[in-house]
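Taking it in order: structure first as C-alpha coordinates, then the write-up.
The values are calculated or read from the model by the stated rules, or taken from the named source; none is laboratory data. Model, not experiment: these values are computed from the prediction. Cβ sites come from the backbone with ideal geometry, for glycine too, and all protein chains shown count toward neighbours.
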Amino acid sequence: MKTVKQICIVVVLIGILPLSIHAQNNTECEILNPKYSIKSRWNIKASYSIYNQPASLNISEKSNIRLELNYGLNSCLEAGIYGGIQSYFGRKIVAEIFEGKTGIAPTFGVQVNFHLLPLFAHNPNSRWELYLTAKYGGCFLPHKEWESPSNPYSKYRHEYGLGLGIGYYIKNIIGIFVEGSIGQFALFPSMLKVIVIDYQYTKITTSAAESNFSFRIGIAAKIK
(Lines give C-alpha, C1' and ligand atoms only; values in the text may rest on other atoms or scores of the structure.)
Protein backbone atom coordinates (compact mmCIF):
# COMPACT_ATOMS: atom_id res chain seq x y z
CA MET A 1 0.00 0.00 0.00
CA LYS A 2 3.02 2.33 0.02
CA THR A 3 2.54 2.87 -3.71
CA VAL A 4 -1.10 3.89 -3.18
CA LYS A 5 -0.03 6.30 -0.43
CA GLN A 6 2.59 7.94 -2.65
CA ILE A 7 0.14 8.25 -5.54
CA CYS A 8 -2.46 9.84 -3.24
CA ILE A 9 0.01 12.46 -1.99
CA VAL A 10 1.19 13.33 -5.51
CA VAL A 11 -2.35 13.54 -6.92
CA VAL A 12 -3.58 15.69 -4.03
CA LEU A 13 -0.64 18.09 -4.38
CA ILE A 14 -1.06 18.35 -8.15
CA GLY A 15 -4.75 19.03 -7.67
CA ILE A 16 -4.22 21.81 -5.13
CA LEU A 17 -1.48 23.67 -7.04
CA PRO A 18 -3.85 25.16 -9.67
CA LEU A 19 -5.81 26.91 -6.90
CA SER A 20 -3.80 30.12 -7.32
CA ILE A 21 -4.02 30.29 -11.11
CA HIS A 22 -7.33 28.65 -12.07
CA ALA A 23 -9.08 31.98 -12.48
CA GLN A 24 -6.59 33.17 -15.11
CA ASN A 25 -6.39 30.21 -17.47
CA ASN A 26 -8.85 28.00 -19.28
CA THR A 27 -7.98 24.32 -19.20
CA GLU A 28 -8.22 21.65 -21.83
CA CYS A 29 -11.38 20.36 -20.12
CA GLU A 30 -13.10 23.72 -20.65
CA ILE A 31 -12.09 23.79 -24.32
CA LEU A 32 -13.44 20.28 -24.90
CA ASN A 33 -16.87 21.10 -23.52
CA PRO A 34 -17.69 24.61 -22.32
CA LYS A 35 -21.35 23.76 -21.67
CA TYR A 36 -20.95 21.51 -18.64
CA SER A 37 -18.62 22.67 -15.87
CA ILE A 38 -18.04 22.44 -12.11
CA LYS A 39 -15.82 25.54 -12.14
CA SER A 40 -16.44 27.93 -9.20
CA ARG A 41 -18.91 25.46 -7.70
CA TRP A 42 -19.05 24.79 -3.96
CA ASN A 43 -19.90 21.25 -2.93
CA ILE A 44 -20.76 20.15 0.62
CA LYS A 45 -20.98 16.47 1.56
CA ALA A 46 -21.88 14.50 4.69
CA SER A 47 -21.13 10.77 4.59
CA TYR A 48 -20.88 7.54 6.56
CA SER A 49 -18.56 4.55 6.29
CA ILE A 50 -17.57 1.49 8.35
CA TYR A 51 -13.90 0.71 9.02
CA ASN A 52 -12.41 -2.53 10.34
CA GLN A 53 -10.81 -2.04 13.77
CA PRO A 54 -9.36 -4.45 16.34
CA ALA A 55 -11.36 -5.31 19.47
CA SER A 56 -9.22 -7.44 21.77
CA LEU A 57 -7.99 -10.21 19.44
CA ASN A 58 -10.99 -9.90 17.12
CA ILE A 59 -11.89 -7.46 14.35
CA SER A 60 -14.93 -5.23 14.78
CA GLU A 61 -16.65 -2.69 12.53
CA LYS A 62 -16.50 0.93 13.67
CA SER A 63 -18.36 3.98 12.37
CA ASN A 64 -16.67 6.81 10.48
CA ILE A 65 -18.66 10.04 9.94
CA ARG A 66 -17.33 12.78 7.68
CA LEU A 67 -18.15 16.31 6.51
CA GLU A 68 -16.31 17.70 3.47
CA LEU A 69 -16.15 20.91 1.48
CA ASN A 70 -14.97 21.07 -2.16
CA TYR A 71 -14.47 23.89 -4.66
CA GLY A 72 -14.35 23.64 -8.46
CA LEU A 73 -11.00 24.83 -9.80
CA ASN A 74 -11.95 24.31 -13.45
CA SER A 75 -14.46 22.33 -15.52
CA CYS A 76 -13.25 18.93 -14.33
CA LEU A 77 -11.17 19.37 -11.18
CA GLU A 78 -12.22 20.20 -7.63
CA ALA A 79 -10.19 20.23 -4.41
CA GLY A 80 -11.31 20.28 -0.81
CA ILE A 81 -10.89 19.44 2.83
CA TYR A 82 -12.69 17.06 5.15
CA GLY A 83 -13.12 16.44 8.86
CA GLY A 84 -15.09 14.04 11.01
CA ILE A 85 -15.03 11.52 13.84
CA GLN A 86 -14.06 7.85 14.04
CA SER A 87 -15.06 5.39 16.77
CA TYR A 88 -12.39 2.86 17.72
CA PHE A 89 -11.21 0.32 20.26
CA GLY A 90 -7.78 0.78 21.81
CA ARG A 91 -5.68 -0.16 24.80
CA LYS A 92 -4.81 2.53 27.32
CA ILE A 93 -1.86 2.14 29.67
CA VAL A 94 -3.09 2.31 33.30
CA ALA A 95 -0.53 1.57 36.03
CA GLU A 96 1.57 -0.38 33.50
CA ILE A 97 -1.46 -2.51 32.60
CA PHE A 98 -3.23 -2.47 29.23
CA GLU A 99 -6.85 -1.49 29.68
CA GLY A 100 -9.36 -1.83 26.85
CA LYS A 101 -11.04 1.43 25.90
CA THR A 102 -13.60 2.52 23.30
CA GLY A 103 -13.34 6.12 22.20
CA ILE A 104 -13.84 8.77 19.52
CA ALA A 105 -10.98 10.20 17.45
CA PRO A 106 -11.07 13.31 15.21
CA THR A 107 -10.24 12.77 11.52
CA PHE A 108 -9.14 15.26 8.87
CA GLY A 109 -7.57 15.48 5.43
CA VAL A 110 -7.46 16.91 1.91
CA GLN A 111 -8.76 15.54 -1.37
CA VAL A 112 -9.05 16.16 -5.10
CA ASN A 113 -11.81 14.90 -7.41
CA PHE A 114 -11.55 14.67 -11.18
CA HIS A 115 -15.02 14.73 -12.78
CA LEU A 116 -15.47 12.73 -15.97
CA LEU A 117 -18.84 14.03 -17.22
CA PRO A 118 -17.50 17.44 -18.35
CA LEU A 119 -15.45 15.57 -20.95
CA PHE A 120 -18.50 14.28 -22.84
CA ALA A 121 -21.78 15.50 -21.26
CA HIS A 122 -23.63 18.18 -23.24
CA ASN A 123 -26.37 18.97 -20.72
CA PRO A 124 -25.24 21.92 -18.54
CA ASN A 125 -27.86 20.93 -15.94
CA SER A 126 -26.90 17.27 -15.69
CA ARG A 127 -27.93 15.79 -12.35
CA TRP A 128 -25.36 13.00 -12.46
CA GLU A 129 -21.77 13.01 -11.23
CA LEU A 130 -19.00 10.54 -12.00
CA TYR A 131 -15.52 11.23 -10.66
CA LEU A 132 -12.14 9.84 -9.66
CA THR A 133 -11.04 10.77 -6.15
CA ALA A 134 -7.76 10.87 -4.21
CA LYS A 135 -7.63 11.52 -0.46
CA TYR A 136 -4.88 11.90 2.11
CA GLY A 137 -5.37 12.54 5.83
CA GLY A 138 -5.44 10.85 9.19
CA CYS A 139 -6.60 11.07 12.78
CA PHE A 140 -5.32 11.79 16.27
CA LEU A 141 -5.89 9.22 19.01
CA PRO A 142 -6.75 10.93 22.32
CA HIS A 143 -4.90 8.45 24.57
CA LYS A 144 -1.53 6.72 24.68
CA GLU A 145 -1.34 3.11 23.58
CA TRP A 146 1.25 0.41 24.09
CA GLU A 147 4.58 0.78 22.35
CA SER A 148 7.54 -1.43 21.46
CA PRO A 149 10.58 -1.27 19.12
CA SER A 150 8.50 -2.89 16.37
CA ASN A 151 5.38 -0.85 17.14
CA PRO A 152 6.43 2.69 18.19
CA TYR A 153 3.73 4.84 19.73
CA SER A 154 2.20 7.60 17.63
CA LYS A 155 -1.02 9.51 18.17
CA TYR A 156 -1.23 10.33 14.47
CA ARG A 157 -2.48 7.63 12.10
CA HIS A 158 -2.44 7.93 8.30
CA GLU A 159 -5.42 7.47 6.00
CA TYR A 160 -5.23 7.58 2.21
CA GLY A 161 -7.02 6.15 -0.81
CA LEU A 162 -7.81 6.25 -4.52
CA GLY A 163 -11.33 5.61 -5.71
CA LEU A 164 -14.38 6.19 -7.86
CA GLY A 165 -17.54 8.08 -6.94
CA ILE A 166 -21.00 8.50 -8.45
CA GLY A 167 -23.80 10.83 -7.43
CA TYR A 168 -27.27 11.97 -8.42
CA TYR A 169 -28.89 15.32 -7.53
CA ILE A 170 -32.57 15.96 -6.92
CA LYS A 171 -33.65 19.33 -8.38
CA ASN A 172 -29.95 19.74 -9.18
CA ILE A 173 -29.22 21.02 -5.66
CA ILE A 174 -29.43 18.20 -3.09
CA GLY A 175 -28.29 14.70 -3.93
CA ILE A 176 -26.90 11.35 -2.81
CA PHE A 177 -23.54 9.76 -3.61
CA VAL A 178 -21.47 6.63 -3.07
CA GLU A 179 -17.70 6.16 -3.21
CA GLY A 180 -15.50 3.10 -3.31
CA SER A 181 -11.75 3.44 -2.61
CA ILE A 182 -8.67 1.31 -2.07
CA GLY A 183 -5.89 2.37 0.29
CA GLN A 184 -5.35 2.48 4.06
CA PHE A 185 -8.43 3.01 6.21
CA ALA A 186 -7.52 1.54 9.61
CA LEU A 187 -6.39 3.34 12.76
CA PHE A 188 -4.35 0.23 13.55
CA PRO A 189 -2.81 -0.75 10.19
CA SER A 190 -0.28 -3.11 11.76
CA MET A 191 -0.47 -4.92 15.09
CA LEU A 192 0.35 -8.37 16.43
CA LYS A 193 -2.24 -11.11 16.13
CA VAL A 194 -1.92 -13.63 18.94
CA ILE A 195 -3.35 -17.14 19.38
CA VAL A 196 -3.15 -19.51 22.34
CA ILE A 197 -1.58 -22.96 21.78
CA ASP A 198 -1.23 -25.25 24.79
CA TYR A 199 -1.72 -22.30 27.16
CA GLN A 200 1.07 -20.32 25.49
CA TYR A 201 0.75 -17.12 23.46
CA THR A 202 2.13 -17.32 19.92
CA LYS A 203 2.59 -14.45 17.47
CA ILE A 204 1.50 -15.46 13.98
CA THR A 205 1.22 -12.31 11.85
CA THR A 206 1.42 -8.52 11.92
CA SER A 207 -1.69 -7.64 9.93
CA ALA A 208 -4.54 -8.19 12.36
CA ALA A 209 -6.43 -5.03 11.50
CA GLU A 210 -5.92 -4.15 7.86
CA SER A 211 -8.69 -2.21 6.16
CA ASN A 212 -7.74 -1.63 2.54
CA PHE A 213 -11.17 -0.89 1.07
CA SER A 214 -13.68 1.81 1.93
CA PHE A 215 -17.31 2.08 0.84
CA ARG A 216 -18.87 5.45 1.68
CA ILE A 217 -22.44 6.71 1.24
CA GLY A 218 -23.83 10.17 1.91
CA ILE A 219 -25.75 13.26 0.91
CA ALA A 220 -24.43 16.26 -1.01
CA ALA A 221 -25.39 19.83 -1.82
CA LYS A 222 -23.94 22.09 -4.53
CA ILE A 223 -23.93 25.86 -4.82
CA LYS A 224 -22.85 27.76 -7.91
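Does ILE182 count as surrounded by 11 or more Cβ atoms within 10 Å (Cβ to Cβ), more than 16 Å from LYS45 (Cβ to Cβ) and at pLDDT 90 or above?
yes
Tell me, which residue of segment 153-178 that is of a type in the set (Ser, Thr, Tyr) and touching a strand residue (DSSP E or B) at 6+ places or on another chain (Cβ under 7 Å) is surrounded by the fewest Cβ atoms within 10 Å (Cβ to Cβ)? Write out each step before concluding.
Our first condition is that a residue be of a type in the set (Ser, Thr, Tyr); within segment 153-178, this holds for 153-154, 156, 160, 168-169.
Restricting the remaining residues to those that are touching a strand residue (DSSP E or B) at 6+ places or on another chain (Cβ under 7 Å) gives 156, 160, 168-169.
On the way: TYR156: 8, TYR160: 24, TYR168: 13, TYR169: 18.
Out of the qualifying residues, it is TYR156.
Yes or no, residue by residue, for (1) at pLDDT 95 or above; (2) part of a strand (DSSP E or B):
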| position | (1), (2) |
| --- | --- |
| GLU61 | no, yes |
| GLU78 | yes, yes |
| TYR82 | yes, yes |
| ILE85 | no, yes |
| GLY100 | no, yes |
| ASN113 | yes, yes |
| PRO118 | no, no |
| GLY138 | no, yes |
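For segment 165-179, indicate whether the set of residues that are modelled with pLDDT under 80, more than 25 Å from the chain's Cα centre (by Cα), not in a strand (DSSP E or B) and not aliphatic (A, V, I, L, M) is non-empty.
So far as segment 165-179 goes, no, none of its residues is modelled with pLDDT under 80, more than 25 Å from the chain's Cα centre (by Cα), not in a strand (DSSP E or B) and not aliphatic (A, V, I, L, M).
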